[in-house]
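For reference, the structure is listed below as structure tokens.
The values are calculated or read from the model by the stated rules, or taken from the named source; none is laboratory data. Being a predicted model, the structure only gives us computed values, none of them experimental. Methodologically, a virtual Cβ is constructed for each residue, glycine included, from the backbone with ideal geometry; neighbour enumeration extends over all protein chains shown. Ligands, DNA and RNA are excluded from the accessible area calculation, which covers all protein heavy atoms including side chains. Shrake-Rupley method; radii C 1.70, N 1.55, O 1.52, S 1.80 Å.
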Amino acid sequence: MLTFDQVFKRYETGQEALAEVSFSLDPGEFVFLTGPSGAGKSTLMKLAIAMERSTRGQVLLDGQNLNQLPARKIPELRRKVGVVFQNHQLLFDRSVFDNVALPLEIAGHPPSEVKSRVRAALSKVGLSNKERDWPVTLSGGEQQRVGIARAVVHRPPLLLADEPTGNLDPELSREIMSLFQQFSQLGVTVMIATHDLDLVREIPAQRLHLQSGRMVQP
Amino acid sequence: MSERRVTGGATQRLLSRRDRLRAWARHHRQLFGSTLSALLRDWMGLMTTWLVIGIALSLPVLMLIGLRQIGETDHRQVIEPAISVYLSSPSGSAVTQGLISSLRQMPEIRQVTLISEAEALAEFSERSGFFDVLNAFSENPLPAVLEVRSVSTEGATIRLLTQKIGALEGIDSISFDAAWRQRLSSVLLIIERITLALGVLFLCGVVLIIGNTLRLTIENRRHEIEVIKLVGGTDAFVQRPFVYRGFWLGMGGGLMAWIMIQSSLIYLSVPVETLARSYRSDFALEALGFQESLVLLALGAGLGIVGSMVSVRRHLVKIQPN
Ligand SMILES: Nc1ncnc2c1ncn2[C@@H]1O[C@H](COP(=O)(O)OP(=O)(O)O)[C@@H](O)[C@H]1O
Ligand SMILES: [Mg+2]
């Protein structure tokens, strides 16, 4: 599903974020990406959805080499991935429903289908009764769940989450994690970046560990 | 409707070509209304932008209308002076009659009009208001005049014709001010060029105003654009609402321009016609007709779309999720 092969990333500032990173995620796999702050977790995720390009090495998503992907093909690629990123959360001038519907509308699904799929996604994250609400009226945990609903509503085969529990208390974090596990059981490949090691220990899953941009044994 | 199995069990529905075409049309239909209501939410700002665009559009269009109407009017009366042939004999005399018929036989001459002594006096007093002064003479001091119009409008040809006429009998003097004519036509040419140059500048201004307004909107919606791109929105999808905004800005500006132009034309038409009548011209300012009004609106809308094309793409490409 997702393969990194000897990936090296240096930002224009000269900052080296990743070095010789290699791994491969099989379809349906559930993995944690751990490592301290600044280890390169976010960079790795950005490379996977062509927000950044690798300086050296190959990134393959669903068989496509992202280094050779022309810019006009990027949107199509991103539709295969659901992303839950900390700083790309909700649009506050749209209702919960419209936020979740966004990926479907972009892809061009007919309205009746949009409606049923958004409702299904919201019910999956336990927010069926909030579809008409405005994101500002929701709690942090609820907002995060709306973000997850938006990430899965178009049923992408790959789900990437960057610190999805970053600002949540342990109880809510556990709920969110179990949501991800459920998606994984439905066949979705899930990769979650986190520095919350307590949470990682609770869940039996494969772990990729980054240290100063290199993949090391945890 | 094809359900394709993507590796590993997760299913993602792929849309057929027809579905995608429908979605494209739906997006356009939805944006047509939603962009206007979004603009109307800041109606003060919208009105200001519309007024600015309206003014920038109406100035060159008004000048063009003026020029065009000068061009279309039968202005030989005003601009192309006749050869004035002042007669040595009274208008009723045999010499004069002979002169008129021999002039009428010349193929270079289009028209010969006799202005009798009395008519010349009436016209002079009407134009100059010197009636009282002339009244002081016991006799009419003005001679009869023949106004001769040549087929050709070229200065050199007319000058030759003047010499030819001068050789005939019964003539006191001949006047034809070719220099005046040339000066006037070059002044008109300059005005025309200025109008076109100003027109191009103002139209560029409209494009820039619209581009800049949209740039600010894009800046305000940066987050939304980033999110849309992150979940797979194409550049075209992101750009589309701004094209519609540009369309509405230009269209509304065109409507403002239409109102300003029509009211200016109505306001100007009375004094212009009075002036024209004093030159015995049927020159008249006409308000914009139905077709011309449509052209003006289309011009506004078109400039709006051009403005958005010029500015939006450049700014949108720069906005990437990070
Ligand atoms: N856009 C950027 N430009 C320059 N340096 C960056 C950029 N983003 C991240 N970095 C640097 O790359 C390294 C890895 O950062 P990041 O991938 O965000 O780590 P993590 O997500 O594990 O905290 C850090 O040293 C960070 O300062
Ligand atoms: Mg990070």
Handout entry: Angle in degrees between helix A:111-124 and the longest Cα principal axis of chain A, rounded to the nearest 10
Key = 70 degrees
Practice task
Please get the size of the charge dipole for the protein assembly as shown, origin at its Cα centre, with Cβ charges of +1 on Lys and Arg and -1 on Asp and Glu, quoted in debye to the nearest 20.
Solution key: 2680 debye
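Select from chain B the helices, each a whole stretch of DSSP H, whose alpha-carbon atoms run 18 Å or more along the helix axis and whose Kyte-Doolittle mean is at least -1.0; answer none if there are none. Mind showing how you got there, number by number?
Values: long enough: B:17-41 (36 Å, -0.85); B:43-72 (41 Å, 1.39); B:178-220 (63 Å, 1.19); B:235-278 (62 Å, 0.63); B:290-318 (42 Å, 1.02).
TM-like helix candidates: B:17-41, B:43-72, B:178-220, B:235-278, B:290-318.
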Practice task
Could you tell me what % of all Cα pairs in chain A have separations over 28 Å?
Solution key: 28 percent
Handout entry: Percent accessible area from carbon and sulfur atoms, the protein assembly as shown, protein chains only, probe 1.4 Å
Key = 57 percent
Completion exercise
Rounded to the nearest 100 Å², the accessible area buried between B and A, both sides, probe 1.4 Å, is 2800 Å²
Problem - Exposure of B:ILE191 as accessible area (Å², to 10), given a probe of 1.4 Å and all protein chains - result: 70 Å²
Completion exercise
For peptide A:17-27, the mean count of other chain Cβ atoms within 10 Å per residue Cβ is 1
Problem - CD proxy at 222 nm, helix term only [per DSSP H run n ≥ 4: -39500 (n - 2.57); per residue of chain B; nearest 500] - result: -24000 deg cm²/dmol
Practice task
Provide A:ASP162, A:ASP133 ordered by accessible surface of protein heavy atoms (probe 1.4 Å), highest first.
Solution key: A:ASP133, A:ASP162
Completion exercise
Residues whose built amide H sits under 5 Å from the amide H of A:LEU208, excluding neighbours closer than 5 in sequence, are A:PHE32, A:LEU33, A:THR34
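Can you flag which of A:LYS9/A:LYS115; A:LYS41/A:LYS115; A:LYS9/A:LYS124; A:LYS9/B:LYS229; A:LYS124/B:LYS229 are past 29 Å Cα-Cα? Could the numbers behind the result be given before it?
Working: A:LYS9/A:LYS115 41 Å; A:LYS41/A:LYS115 34 Å; A:LYS9/A:LYS124 37 Å; A:LYS9/B:LYS229 22 Å; A:LYS124/B:LYS229 25 Å.
Table pairs above 29 Å Cα-Cα are A:LYS9/A:LYS115; A:LYS41/A:LYS115; A:LYS9/A:LYS124.
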Practice task
Could you pull out the GluC sites (Glu not before Pro) across region B:246-322 that fall in loop regions by DSSP (anything but H, G, I, E, B) with no more than 16 other Cβ atoms inside 10 Å?
Solution key: B:GLU286
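What FRET efficiency, computed as 1/(1 + (r/R0)^6) with R0 = 30 Å and r the Cβ-Cβ distance, is obtained for A:SER212 and A:GLN58, rounded to the nearest 0.05?
Taking R0 as 30 Å, the efficiency between A:SER212 and A:GLN58 is 0.90.
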Problem - Pairwise centroid distance, computed over Cα atoms, of region B:89-120 with region A:23-77, Å - result: 97 Å
Problem - 1.4 Å probe, heavy atoms, protein only - residues of region B:188-235 losing at least 40 Å² accessible area vs chain alone - result: B:HIS223, B:GLU224, B:VAL227, B:LEU230, B:VAL231, B:GLY232
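Taking the Cα centre of chain B as origin, work out the dipole magnitude from +1 charges on Lys and Arg Cβ and -1 charges on Asp and Glu Cβ, in debye rounded to 20.
Working: 32 positive and 27 negative charges, 680 e Å.
That gives a dipole near 3260 debye.
In terms of solvent-accessible area of protein heavy atoms at a 1.4 angstrom probe, what is the ranking of A:SER116, A:SER178, highest value first?
On the way: A:SER116 70, A:SER178 45 Å².
Order by accessible area, largest first: A:SER116, A:SER178.
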Problem - Positive-end extreme of charge dipole, chain B - chosen from B:SER93, B:VAL227, B:SER116 (charges on Cβ) - result: B:VAL227
Practice task
Determine ³J(HN,Hα), in whole Hz, for all residues of region A:50-59 in sequence, where each value follows from phi through the Karplus function 6.51 cos²θ - 1.76 cosθ + 1.60 and θ = phi - 60°; x replaces Gly and Pro.
Solution key: 6, 7, 10, 10, 5, 6, 9, x, 10, 10
Handout entry: Relative contact order %, region A:93-155, counting alpha carbon pairs below 8 Å whose residues are six or more apart
Key = 52 percent
Handout entry: Whole-Hz couplings from phi, Karplus 6.51/-1.76/1.60, listed for region A:183-191; x for Gly and Pro
Key = 4, 4, 5, 7, x, 7, 7, 10, 10
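Enter the accessible area per residue of region B:82-175 (Å², integer; probe 1.4 Å; all protein chains in place).
On the way: 5500 Å² over 94 residues.
Ligands and nucleic acids excluded, the figure is 59 Å² per residue.
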Handout entry: Vicinal HN-Hα couplings computed from phi for region A:93-107 (Karplus, 6.51 cos²θ - 1.76 cosθ + 1.60; Hz; Gly/Pro x)
Key = 9, 10, 5, 4, 4, 5, 4, 5, 6, 3, x, 6, 5, 4, 6
Problem - region A:93-155, accessible area per residue, ligands and nucleic acids excluded (1.4 Å, Å²) - result: 39 Å²
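I need the trypsin sites (Lys or Arg not before Pro) found in region A:140-193, filtered to DSSP loop residues with at most 14 other beta carbons within 10 Å of theirs. Mind showing how you got there, number by number?
Details: sites: A:ARG145, A:ARG150, A:ARG174; in loops: none.
In loop regions of region A:140-193 (DSSP not H, G, I, E or B), there are no sparsely surrounded trypsin sites (Lys or Arg not before Pro).
Per the helix-only calculation at 222 nm, which mean residue ellipticity applies to chain A, given -39500 (n - 2.57) for every DSSP H run of n ≥ 4 and division by its residues, nearest 500 deg cm²/dmol? Please report the intermediate quantities before stating the final value.
Values: 7 runs with 74 residues, N = 218.
Theoretical 222 nm ellipticity from helices: -10000 deg cm²/dmol.
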Handout entry: Under-5 Å amide H pairs with A:LEU18, H placed in peptide plane, nonlocal only
Key = A:LYS9
Completion exercise
All alpha-carbon distances of the protein assembly as shown, grouped into 20 Å bins from 0, give the whole-percent distribution 17, 32, 19, 14, 12, 6, 0
Problem - For the protein assembly as shown, with +1 on Lys and Arg beta carbons and -1 on Asp and Glu, the positive-most of B:LEU201, B:VAL187, A:PRO75 along the dipole - result: A:PRO75
Handout entry: Accessible surface, 1.4 Å probe, highest first, among residues B:GLU139, A:GLU12, B:GLU154
Key = A:GLU12, B:GLU139, B:GLU154
Handout entry: Percent breakdown of C-alpha pair distances by 10 Å bin, ordered from the shortest bin, for chain B
Key = 5, 17, 19, 15, 12, 10, 9, 7, 4, 2, 1, 0
